[in-house]
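The structure appears right after this line, and notes come after that.
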Amino acid sequence: PAAVPELIQAETPSLVGTDGAAKMSKSRGNTILLSDDEAAVRRKVMGMYTDPNRVRADVPGTVEGNPVFAYHDVFNPDRAQVAELKERYRAGRVGDVEVKEKLTDALNRFLDPIRERRDRIEDDRGLVDQLIFEGTERTRREVRQTMREVRRAMGLTSAYTRMRRRAERAGRALATEG
């Protein structure tokens, strides 16, 4: 029987755009891309929306709804540092620049292995071809198996087999191999 899809509930909520908009959008320019280099990540983080009511570092700020802290919660593995930054931010004892610099460091540590793998793949055209070939073959196997199950479930197995054999005798292959 065909597999029944299962809901996978993400632990991480959707991230807001770097401009504080509810949705990240490449066309809006409010994204941090997996392909961004360190300088691009820094530039984007330093331009991130924060608490609009906070005009100076010594003014207590709001952490809730602040995109910089939402990103810290997801990408900064140092929970103690994040908690301390939030406490200091709420008390007006840390500026946006320091909070953003620590986020930049955390994001770049997260993205470094992705960048390295991407560079390795881009530099090795043979590897790209191999990955495409293997993915295509795996997909073909899965599609064949799925089509067998569909035909069996619909009672078309015998008719399909007869049709395939006739086509083979006539020297033609069916477009959907089973």
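Derivation of every value follows stated rules applied to the coordinates shown; laboratory data play no part. Since this is a predicted model, take the numbers as computed values, not measurements. Ideal geometry is used to build each Cβ from the backbone, glycine not excepted, and the neighbour counts take in all protein chains shown.
Taking other C-beta atoms within 10 Å as the exposure proxy, E137, E6 rank E6, E137 from fewest upward.
Charges were assigned to the Cβ only: +1 to each Lys and Arg, -1 to each Asp and Glu. The resulting dipole of segment 26-123 about its Cα centre is roughly 280 debye. Can you tell which of V150, F110, G95 lies farthest toward the positive end of the dipole of the chain, using +1 and -1 charges on the Cβ of basic and acidic side chains (Lys, Arg; Asp, Glu)? Working it through, the farthest residue towards the positive pole turns out to be V150. Here r is the Cβ-Cβ distance between Q81 and Q9 and R0 is 30 Å; the resulting FRET efficiency, rounded to 0.05, is 0.60.
Here are several values of percent of Cα pairs over 29 Å apart: (1) 50; (2) 16; (3) 23. Which one was derived from the coordinates shown? Only one option fits the structure, namely (1). Going from the residue with the fewest nearby Cβ atoms within 10 Å to the one with the most, M46, M154 rank M154, M46. Projecting the Cα atoms of N66, A40, P77 onto the dipole axis of segment 26-123, where Lys and Arg carry +1 and Asp and Glu carry -1 at the beta carbon, places N66 farthest toward the positive end.
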